[in-house]
């Protein structure tokens with residue numbers, strides 16, 4: 001037995017214990033304290049665990065449609081590699097930084113960066129899911145365990161690209177849906193976006209409305 005003496009604090013005064021401790025007792029104390037402290041130190045908020053499911057690398061392919069003389073036409077296509085980094089806690093949110101490298105059908109390339117994650121509820125669980133792009137936060141609604149939806153407003157330059165004159169558009173809305181399917185350990189996100197536009201016909205003065213599929217794509221996890 002190794003005899004070890006040490007000082008303990010009692011009421012801010014240090015006193016020598018009545019009996020020396022054996023190494024077995026000391027190790028037992030350390031193990032006990034580790035068992036008490038470790039769960040508190042290692043506990044992960046459920047929202048952070050949920051955000052970690054976003055992390056990984058994905059390959060995607062996308063098509064955007066617009067209208068020309070009332071007919072649905074392909075406006076552009078691209079493929080991309082999306083990388084979602086490690087999740088972290090920041091400002092009451094579980095956040096993942098995302099970068100996507102896009103290659104369009106004409107060979108041009110573009111890089112986009114945004115954030116995705118969850119707001120934390122008081123108990124640490126996951127609240128609303130969000131996407132943050134250039135400081136603008138969009139909430140993503142969960143419809144079922146594998147289905148999501150979000151709504152955004154197209155900007156004038158996007159409306160023009162889709163075949164509309166922004167100066168006569170009265171209202172416009174994108175509604176995007178995502179369904180995740182699984183094949184073994186590989187998950188694939190299937191995305192579709194529907195656009196509704198209302199405008200004033202300058203020739204007749206009538207208010208007209210159209211709705212069409214403006215984007216479709218997939219992201220398949222590769223890591």
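Here, each number is a calculation from the coordinates, and none is a lab measurement. Note that the structure is a prediction, hence the values are computed from the model and not measured. Glycine gets a Cβ as well: all are built from the backbone with ideal geometry, and neighbour counts include every protein chain shown.
Provide the convex hull volume over Cα atoms per residue for the stretch 73-223, in Å³.
On the way: hull volume 23.1 nm³, N = 151.
It comes to 153 Å³ per residue, whole-number rounded.
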To the nearest Å, what is the center-to-center distance of the stretch 53-86 and the stretch 160-223, using C-alpha atoms only?
-> 12 Å
For residue 68 paired with residue 108, estimate the spin-label separation in nm (one decimal), with each label point 7 Å from Cα along the Cα-to-Cβ line.
-> 1.7 nm
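Arranged by the count of other C-beta atoms within 10 angstrom, fewest first, what order do 215, 102 take?
Working: 215 19, 102 16.
The order, fewest Cβ neighbours first, is 102, 215.
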Once the mean 1/r over all distinct Cα pairs of the stretch 92-172 is inverted, what Kirkwood radius in angstroms do you read off?
-> 15.4 Å
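Given the Cα-Cα distance of residue 167 and residue 81 and 0.36 nm per residue of separation, how much length would full extension add, in nm?
Here the answer is 27.4 nm.
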